[in-house]
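One structure is given below, encoded as structure tokens.
The values are calculated or read from the model by the stated rules, or taken from the named source; none is laboratory data. Everything quoted here is computed from the prediction, not taken from an experiment. Cβ placement follows ideal geometry from the backbone for every residue including glycine, while neighbour counts extend to all protein chains displayed. Just the protein is used for accessible areas: all its heavy atoms, side chains included, with ligands, DNA and RNA removed. Shrake-Rupley method; radii C 1.70, N 1.55, O 1.52, S 1.80 Å.
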Amino acid sequence: SFAWGSLALATASTLLFALRSVLAKRLLAPPRGQQQREAAAHRQLDAGNTFALLTTLSFLWTLPAALYLEGPRLEATWAAALAGGRLSAQELLMRLLGSAVAYYLYNEVAFYTLAMVHPVAHAVGNTAKRALLLLGSALCLGTPMGASSALGCAVALSGALAFVVARARHRAPRRKAD
């Protein structure tokens, strides 16, 4: 079943993450007119530190709203997760922490990648990654893909391929060293 609200929220999320990437790229770039070495001497934060700072500030900014909206349900949700008897409280906590660390590290690596490539190339690669994850998950888990899902993956991968081909054709020739 297709949910328009989910599509709208996923689109908004993608746009906001792309905006974050563009703004972070500007933050990582040296000021115009400054030489790379001179700019590096003035900059204290590399891509990983910038990501850590943004993540910490984002966490602190959203924590009050999260506690207000989800806080009343937190105890009941924790109890329901433990009620199944599959995991102890310590095992559940360790899995949650492990998942959080893995997700943080994954995003930090993505931020380092962003520091090395153009934000549009980063966004296109991220789109292709999502489509490939959907295809891989469907194959590994044996989940049948509907026609609309297969079409969406095909469109995403075709768009990524078209970007790579267009960029390769229109890349400016490199200048020879004097």
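For region 85-170, which helices (runs of 4 or more DSSP H) that fit wholly inside it have 3 or more residues that are under 30 Å from Phe59 (Cα atoms)?
Details: elements: 89-116, 119-141, 147-169.
Correct list: 89-116, 119-141.
Name the residue, out of Ala40, Ala65, that is modelled with pLDDT of 85 or more and in a helix (DSSP H, G or I). Outline the logic, then answer.
Numbers: Ala40 fails: modelled with pLDDT of 85 or more.
Ala65 is the lone residue from the list that is modelled with pLDDT of 85 or more and in a helix (DSSP H, G or I).
Yes or no: Ser158 among the polar types (S, T, N, Q), at pLDDT 80 or above and open to solvent by 60 Å² or more (accessible area, probe 1.4 Å)? Let's see the steps before the verdict.
Numbers: among the polar types (S, T, N, Q): yes; at pLDDT 80 or above: yes; open to solvent by 60 Å² or more (accessible area, probe 1.4 Å): yes.
Taking the combined requirement at face value, the residue satisfies it.
Can you spot a residue in region 70-80 that is under 14 Å from the mean Cα position of the chain (by Cα), over 29 Å from Leu151 (Cβ atoms) and surrounded by 10 or more Cβ atoms within 10 Å (Cβ to Cβ)? So that I can check it myself, show each step before the final result.
Step one: filter region 70-80 for residues under 14 Å from the mean Cα position of the chain (by Cα), giving none.
Scanning region 70-80, I find no residue that is under 14 Å from the mean Cα position of the chain (by Cα), over 29 Å from Leu151 (Cβ atoms) and surrounded by 10 or more Cβ atoms within 10 Å (Cβ to Cβ), so the answer is no.
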